[in-house]
Amino acid sequence: MLSQHTFSPILSFSSLQVSVLVMCHTRELAFQISKEYERFSKYMSNVKCAVFFGGLSIKKDEEVLKKNCPHIGVGTPGRILALIRNKTLNLKNVKHFVLDECDKMLEQLDMRRDVQDIFRLTPHKKQCMMFSATLSKEIRPVCRKFMQDVSHSFFSSFLSADGSVC
């Protein structure tokens with residue numbers, strides 16, 4: 001699901017502030033997504049990406065945000081919310097709010113509350129994107145609460161026996 005708005009460029013390189021916030025339900029997925037952003041931005045040296053998830057010292061995350069705040073922040077809702085509450089992470093310039101595997105996050109009530117709290121701390125005018133391979137009919141109304149001017153796009157792809165995508 002995508003909300004449709006007209007926006008300025010995805011990232012503003014003039015200041016080091018989080019413009020894109022991507023959240024997912026596990027630290028492994030957060031790490032994987034951050035590596036993909038790093039791969040995509042390999043030839044754009046001015047784009048900074050950082051990953052934030054629990055299980056490691058929050059002090060290191062705070063140092064990253066203070067010394068070299070990323071344009072793209074990827075993480076789990078619990079750690080993102082902890083960084084916000086510590087006043088280390090500022091979301092006032094978020095233009096793109098992304099939930100990967102949104103069904104997994106929104107089905108768990110505690111994680112849903114964290115996502116909702118974080119969402120409320122971002123600007124009203126932003127693009128909200130939600131991705132899921134298994135979005136149930138029951139969770140769709142919850143997803144819609146995050147959206148304005150909703151545009152749904154459903155894609156299906158399958159792997160053939162030879163490993164190619166059909």
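Derivation of every value follows stated rules applied to the coordinates shown; laboratory data play no part. Here the structure is a predicted model, which means the values were calculated and not measured. Using ideal geometry, Cβ is built from the backbone for each residue, glycine included, and neighbour counts are taken over all protein chains shown.
Summary of computed values
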| quantity | calculated |
| --- | --- |
| Gain on full stretching of the segment that runs from Phe31 to Glu63 - 0.36 nm per residue minus C-alpha separation | 9.7 nm |
| Relative contact order of segment 2-151, defined on C-alpha pairs under 8 angstrom at six or more residues apart (%) | 32 |
| Pair Lys87, Glu138: separation of 7 Å Cα→Cβ label points (nm) | 4.2 |
| P(r) weight above 18 Å for segment 2-151, C-alpha pairs, percent | 55 |
